[in-house]
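Note sheet for the following structure.
FYI, it's all coordinate maths here, none of it is from the lab. This structure is a prediction, so every number in the text was calculated from the model and none was measured. Heads up, the Cβs are rebuilt from the backbone with ideal geometry, glycines too, and the neighbour counts pull from every protein chain shown.
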Amino acid sequence: MKISLRREQYLELYYYMRLNRSLEERLVTLFRQNKVVGGLYSSLGQEATSVGTAYALEKRDWMAPMIRNVGALLVKGYRPRDIFLQYMARYDSPTHGKDGTSHFGDLKERHVISPISMLGDLIPVMTGVAIAGRYLGQNIVAMTWIGDGGTSTGAFHEGMNFAATQRAPFVCVVENNQWAYSTPVRRQVPIRNLADRARAYGITSYIVDGNDVVAVYRVAKEAVERCRAGEGPILIEAKTMRMKGHAQHDPAEYVPREMFEYWQARDPIARYETFLSRQGLWTEQEKQQILDRIEREIAEDLAFAENSPFPPPELAEQGVYCEDAYEIKPEWQRPIEEVMPPKASVQAVWQVEDFGGIAEGAVQVIEAAAAPARDGTGRRQVARTPQRGKKKLSARGKGR
Amino acid sequence: MPVDVIMPQMGESIFEGTITKWLKKPGQRVERDEPLFEISTDKVDAEIPSPASGVLKEIKVREGETVPIKTVVALIDTDGATTSAAEATEAEEQKPAETPASAATGAEPGPAAPVPAAPAPQPVAGEDGRRIRSSPLVRRLAREHNIDLTTIRGTGAGGRISKRDILAAIKARATAPAPSVAAGRPEAAPAPLRLETPVPRERIYFGRYEVQPLTAMRQRIAEHMVLSKRTSPHVYSIDEVDMTRVVAVRNQAKAEFEQRFETKLTFMPFFVRACVEGLRAYPTLNASLDGTNLVLHRELNIGIAVALDWGLIVPVVKHAEEKNFLGLQRAINDLAERARTKKLKPEEVQESTFSITNPGVFGGLMGLPIINQPNVAILGVGAIQKRPVVIHDAIAIRSMVYLTLSYDHRVVDGAIAHQFIGKVKSVLENWQENIL
Amino acid sequence: MAHVTFLEAIRQALFEEMERDPAVVCLGEDIGVYGGAFKVTAGLLERFGWERVIDTPISETAIVGAAVGMSYLGLRPVAEMQFMDFIACCFNQITNFAAKSYYRWGAPVPIVIRGPSGGGVHGGPFHSQNPEMYFVHTPGLKVVYPATPYDAKGLLKSAIRDNNPVLFFEHKFLYRRIKEEIPADDYTVPLGQAKVRREGRDLTLVTYAAMVHTCLEAAEQLAQEGIEVELIDLRTLLPLDRETILQSLRKTNKLLVVHEDTKTGGIAGEIAALVCENAFEDLDGPILRVTALDTPVPYSPPLEERFLPNVHDVVRAARELARY
């Protein structure tokens, strides 16, 4: 599939990544000023994955961000003020202070579904979105993200499997950022490539350098269009790195320093800046314009957020139930005659493709492909962080 | 039968009232609900309707006297019959009943018999000293019907007094004369706040002078103001608001509004609406302080000061947050009108959560009002005047008003107060609501 | 008016709602070709087709999760739990995703999760439970548990048309045992309203689901002894119809609560607290509970009979309370 970008799109990708990072840098300041209520989660180092994948979606498509997908929220039309307000728990926030962080969404305009803190649950939910969109004739694609750790949940498996059996137009982006809180990916999953899991669901998968925004975009765009064309769900594994702790309180001392250094040299924004300059896609002046715009937008939105009041206490009691007067209406984009009135045409009999046996007396061995070494470190990782790194790891473990 | 006319309780915190005027003389006929007398209390001046039809038999409290609530102030004879029989019954019942204990003493005389003590305190005990077994329902019915549970024999499980037993006892007693239910004594009123004379008297009385006693209402106002100033450290914040847009909206709509809804269109509902928005955003100003507890009110009940020829009263627009513009205007006009004709009900001057006063109607450029307790803030609205204003480095003629907010610094700080005024100002300057 | 079983009434409700509104779809394990483990959904696939009657993998979390996702696009999915015992598998989707969605970010979740529950059919520990109270404790959900065919049909229709996640418990003991004449035309029974099934002056008996029938039988027996029981069928556990309970208690002044759910943390405790808080001085006796034992549901018939409350237990408790 030939996927090309126009020059202004290249610059837009940069704008979103840079906005993502600047916004989070400002949030850190606010956190230290005690203006953030609760925890603060950083997507430092993962901006290319969030932005590049979300950029492949159309307005009609649906997405559900996770905690580190601020970039995706920005691409889908949310503004820095929404994120400031959420973290600062103000009344004007999308949830009016009822929830924080990236836990918000919009069914009507932006087609964004709010995550919950329990990982994996979005996979079946987005499968349902994809199935419903198909039933309504909307020709949409549903996308969500999950970390390497989140793929260990039962909900992930149930959702991927159901999506596969339904051939749902659903793209699941596995952001392999190497760490699930303090547990390295290899302790979560005994395979090097999380994309391998797709094979078990009988679906297509991609592995992509998650710190190369153009590569991420190209892969995501191809996956989205293949889904839209009816090829069924697709899994994308983006290899990237969480450059901070799980949240602000976590200094991430369990991460070997060399590992940070390795990924620091592959910073997605720095790499993209070099790429844009080398390809002659921007001038120094244009870069400065983007940076100025971001600075201005963040300043304006922060001022707005800081002036927003806290919610009135009585709001706590309101809105537990959705009243009858609220009208819920699906948007039909196929002729309603196709479903109404119902047609009695189905013969309730399964078509069975084969009878499921194996050749009489046959035995088949399937060896674990590319299984990691027993000590839990993969071949390539041994090459980069030899025993030395491991020792350091336990030395820093502070008594664990 | 004579019917007692009592001094009504015009609010939970009211303990006494002053009779300012009797509208009937003894011997005159009065119909039920016909105004009988006028009173003045801390909160309200009101006409009190007669509780029954009949002849005003006796006035017990004269004009100008102040008595505790629930005091009988007059008697009405409903059918002209003599009352001696009923009075006799009452008198009889007030005699202490003979206790079973003293009867028992009589039955078994003996020098060593101890003098019976007063009836046993709670829990009620039976003759054998055991605790009486009943139920929450039985105890409630006993209290309501003034029945002594020691006089009832229980037939429930284990000799328990059941619902059946007490209902039987109530029925049995129905034939006997009903005991008078003692009216709960009013709680002791707090010592009235003395209005102090801060200097030696001779420095007041000199030359030629005339002495006018303060009316009851004036005294209440004076006390309330002293109390408020003494209780709340007042801070004042002032801002000016460009009312040009509101003035234009009102001028444009006035004729149609008043014709369609048959009520006057004033500026007050604009200010009330703006305050509602402000209070929603800054609920701390919609509060009362109880010791170390801040009571944040859920309702937005806006008190509006109404000047009267004989003083000042603050009727309350209840649930202002639920009213549309027309609803606010109607409520304001209705309350003001009834304040002037003394037709306010006591509950209509209670439970304000925030107040607005409008010295501007008398031409005041601005005023620094005193907080209406137990609110924590009051907004003063000055006169709307055309003034030259600098806009974009040009001088324009705009309709301007000064808003002054007095607030209780124990609860509210300047930052919140200014943000509140800012919100009020923003609503007024960018008025969006269609008022028709 | 037709004479139909409890099960048929539920099937009619599904059929009629799918006929009325193309946004209504069904999903669950073995509900399509097979027609459901109890045949509640028999015939739906033939009438409404593969898109609207979805056979799923054995994945309760995926079933409820997908239903939630579908509802975000305006559909009104009805998810079947093959047995309500299995609802434990998707607890998170229900209590954290569905229940909190509208409160947190204003996204309503108009789904129904329905399925067979309850004991008395020797189903053993995992096919007999009454897991309703896990969900009654979760704000944002509605919990319905009908006792008659008429109510089952009318309540299920209301549940499907409701804008909130509704858990609809169908007592499997009633599926084919209870028959009733119900109107052929469209009707609904509102959620959140209890029903007085029998009027009486001596004591109020609050119950729901299959125990309604046990209690009606007990009430007959008690009436012969001169004890007139007022029997309230809750029908909906969340929101609870507090007014009907309090009103009846203020009349009879005594309260007995009966349920097939286990005792600790059952709704009887909640109702007792409700009465103590709001009508203590109307009580002429202690509040009594007759419930299942605080044990898992045992398999062998003599054990299960011991586990479940029966007519005799109800009569004995009512007698004791009446005498009090």
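Mind pulling the angle between the C-alpha long axis of helix C:6-20 and the longest principal axis of chain C? Nearest 10 degrees, somewhere in 0 to 90.
In chain C, helix C:6-20 runs at an angle near 40 degrees to the longest axis.
Classify region A:70-196 as rounded, prolate or oblate from the Cα gyration tensor: take a ≥ b ≥ c as the square roots of its eigenvalues, call it rounded if a/c is under 1.5, otherwise prolate when a/b beats b/c and oblate if not. Can you show the working numbers first?
Working: a/c = 2.29, a/b = 1.19, b/c = 1.92.
Oblate, because a/c is 1.5 or more while a/b does not exceed b/c.
Taking chain C as a Gaussian network, where each spring joins two C-alpha atoms under 10 Å apart, which residue of C:Gly28, C:Gly118, C:Gly226 fluctuates the most?
Judging by the Gaussian network model, the answer is C:Gly226.
Excluding residues fewer than 8 places away in the same chain, name every one of the lysines whose C-alpha is closer than 24 Å to that of A:Lys35.
A:Lys98, A:Lys244, B:Lys423
Please give the contour-minus-distance gain from A:Gln364 to A:Val320: 0.36 nm per residue of separation, less the Cα-Cα distance, rounded to one decimal in nm.
Length difference between fully extended and current span is 10.3 nm.
Sort all Cα-Cα distances of region A:7-317 into consecutive 10 angstrom bins from zero, then give the percent of pairs in each bin up to the one containing the longest distance.
6, 28, 35, 24, 7, 0
What residues have an amide H closer than 5 Å to that of C:Asp261, excluding those fewer than 5 places away on the same chain, when H is modeled at 1.01 Å from N in the peptide plane?
Answer set, sorted by chain and number: C:Ala292.
Looking at chain A, send over the antiparallel percent of its DSSP beta bridges, to the nearest 5. Each step should come with its number before you reach the end.
On the way: 3 of 25 bridges.
That works out to approximately 10 percent antiparallel.
Which pairs in the list A:Lys329/C:Lys172; B:Lys25/B:Lys70; B:Lys70/B:Lys163; A:Lys76/A:Lys239 are over 31 Å apart, alpha-carbon to alpha-carbon? Mind dumping the intermediate values first?
Working: A:Lys329/C:Lys172 34 Å; B:Lys25/B:Lys70 21 Å; B:Lys70/B:Lys163 33 Å; A:Lys76/A:Lys239 23 Å.
From the list (A:Lys329/C:Lys172; B:Lys25/B:Lys70; B:Lys70/B:Lys163; A:Lys76/A:Lys239), the Cα-Cα distance tops 31 Å for A:Lys329/C:Lys172; B:Lys70/B:Lys163.
With each run of n ≥ 4 DSSP H residues scored as -39500 (n - 2.57), what mean residue ellipticity at 222 nm is computed for chain C after dividing by its residue count and rounding to the nearest 500 deg cm²/dmol? Please report the intermediate quantities before stating the final value.
On the way: 11 runs with 116 residues, N = 324.
So the calculated ellipticity at 222 nm is -10500 deg cm²/dmol.
In region C:195-322, what percentage of the DSSP-assigned beta bridges are antiparallel, given to the nearest 5?
20
Considering just Cα atoms, how many Å³ per residue does the convex hull of chain C enclose? Write out the running numbers ahead of the final one.
Values: hull volume 40.6 nm³, N = 324.
For chain C, the hull spanned by Cα atoms encloses 125 Å³ per residue.
Residue by residue, what Karplus-based ³J(HN,Hα) values in Hz, rounded to whole numbers, does region A:26-38 have, using 6.51, -1.76 and 1.60 with θ = phi - 60° and x for Gly and Pro?
Each residue of region A:26-38 in turn: 5, 4, 4, 4, 4, 4, 6, 8, 6, 8, 8, 8, x Hz.
Whole-Hz ³J(HN,Hα) for each residue in region A:176-181, computed from phi via Karplus 6.51 cos²θ - 1.76 cosθ + 1.60 with θ = phi - 60°, x for glycine and proline: what do you get?
Computed from phi, the couplings for region A:176-181 are 7, 9, 6, 9, 10, 6 Hz.
Which one of B:Gly154, B:Thr41, A:Leu235 is farthest out on the positive end of the charge dipole of the protein assembly as shown, using unit charges on Cβ (Lys, Arg +1; Asp, Glu -1) and the Cα centre as origin?
Going by the charge dipole, the pick is A:Leu235.
When Lys and Arg each count +1 and Asp and Glu each count -1, what net charge do the other residues less than 10 Å away from B:Ile161, Cβ to Cβ, add up to? Numbers along the way, then the final one.
Values: positive: B:Arg133, B:Arg139, B:Arg153, B:Arg160, B:Lys163, B:Arg164; negative: B:Asp165, C:Asp284.
Local charge sum for B:Ile161: +4.
Rank the residues C:Met70, B:Met366 as a footprinting-exposure proxy: fewest other Cβ atoms within 10 Å of their Cβ go first. Provide the component values of the computation, followed by the final result.
Details: C:Met70 31, B:Met366 18.
Exposure proxy ranking, most exposed first: B:Met366, C:Met70.
Using just the Cα positions, wrap region A:115-252 in a convex hull and report its mean projected area in square nanometres, one decimal place. Please report the intermediate quantities before stating the final value.
Values: hull surface 32.5 nm².
Averaged projected area of region A:115-252's Cα convex hull equals 8.1 nm².
As a test, work out the antiparallel percent of DSSP beta bridges whose residues both lie in the protein assembly as shown, rounded to the nearest 5. The partial results should precede the final answer.
Working: 66 of 127 bridges.
Restricted to the protein assembly as shown, the bridges split so that about 50 percent are antiparallel.
By how many nm would the segment from B:Arg153 to B:Asn251 grow when fully extended, if each residue of separation counts as 0.36 nm and the alpha-carbon distance is taken off? List each step's numbers first, then the result.
On the way: separation 98, 0.36 × 98 = 35.28 nm, distance 7.81 nm.
That works out to 27.5 nm of additional length.
Dimensions of the protein assembly as shown along principal axes (Cα, Å, largest first)?
So the extents along the principal axes, rounded to whole Å, are 116, 94, 67.
Once you compute Rg and the Kirkwood Rh from C-alpha atoms, what is the Rg to Rh ratio for region C:2-182?
Details: Rg = 14.9 Å, Rh = 16.0 Å.
The Rg/Rh ratio comes out at 0.93.
Across region B:247-257, in residue order, what do the Karplus-derived ³J(HN,Hα) couplings come to in whole Hz, using 6.51 cos²θ - 1.76 cosθ + 1.60 with θ = phi - 60° and x for Gly and Pro?
Those phi angles translate into 4, 5, 4, 5, 4, 5, 9, 3, 4, 5, 4 Hz.
For C:Lys179, which lysines qualify as cross-link partners when the Cα separation must be under 16 Å and same-chain residues fewer than eight apart are set aside?
List returned: C:Lys153.
For chain A, give the magnitude of the charge dipole about the Cα centre (Cβ charges: +1 Lys/Arg, -1 Asp/Glu; no others), in debye to the nearest 20.
On the way: 53 positive and 50 negative charges, 366 e Å.
Here the size comes out at about 1760 debye.
Over region B:248-328, what lengths in whole Å, largest first, do the semi-axes of the equivalent ellipsoid take, defined as the square roots of 5 times the eigenvalues of the alpha-carbon gyration tensor?
Details: eigenvalues 162, 57, 20 Å².
They are 28, 17, 10 Å, listed from largest to smallest.
Arrange C:Arg104, A:Arg110, C:Arg161 by Cβ neighbour counts within 10 Å, fewest through most, would you? Could you put the intermediate results ahead of the total?
Numbers: C:Arg104 23, A:Arg110 16, C:Arg161 19.
So the ranking, lowest neighbour count to highest, is A:Arg110, C:Arg161, C:Arg104.
Check cross-link reach from A:Lys2 to the aspartates and glutamates: straight Cα distance under 14 Å, and skip same-chain residues fewer than eight apart.
A:Glu222, A:Glu225
Taking amide hydrogens as modeled 1.01 Å from N in the peptide plane, which residues meet the under 5 Å criterion relative to B:Ile356, leaving out close sequence neighbours?
Hits under the 5 Å cutoff: B:Gly303, B:Ile304, B:Ala305, B:Leu379.
Please rank B:Lys229, A:Lys98, fewest neighbouring Cβ atoms within 10 Å first, as an exposure proxy.
Details: B:Lys229 13, A:Lys98 20.
Going from sparsest to densest Cβ surroundings: B:Lys229, A:Lys98.
What shape does region C:50-107 take by its C-alpha gyration tensor, where a ≥ b ≥ c are the square roots of the eigenvalues and a/c under 1.5 counts as rounded, a/b above b/c as prolate, and the rest as oblate? Before the final figure, lay out each step's value.
Working: a/c = 2.59, a/b = 1.22, b/c = 2.13.
Verdict is oblate for region C:50-107.
C:Cys26's amide H: which non-local residues (gap 5+, or another chain) put their own amide H closer than 5 Å, with H modeled 1.01 Å from N in plane and none for Pro or chain starts?
C:Val53, C:Ile54, C:Val78
Once the convex hull of the alpha carbons of region C:195-322 is built, what does its volume come to per residue, in cubic angstrom?
Dividing the Cα hull volume of region C:195-322 by its residues yields 97 Å³.
What does the helix-only formula give at 222 nm for chain A: each DSSP H stretch with n ≥ 4 adding -39500 (n - 2.57), the total divided by the residues, and the result rounded to the nearest 500 deg cm²/dmol?
Numbers: 14 runs with 160 residues, N = 400.
That calculation yields -12000 deg cm²/dmol at 222 nm.
Once both axes come from the Cα atoms, what is the angle between helix C:211-224 and the longest principal axis of chain C, in degrees from 0 to 90, rounded to 10?
20
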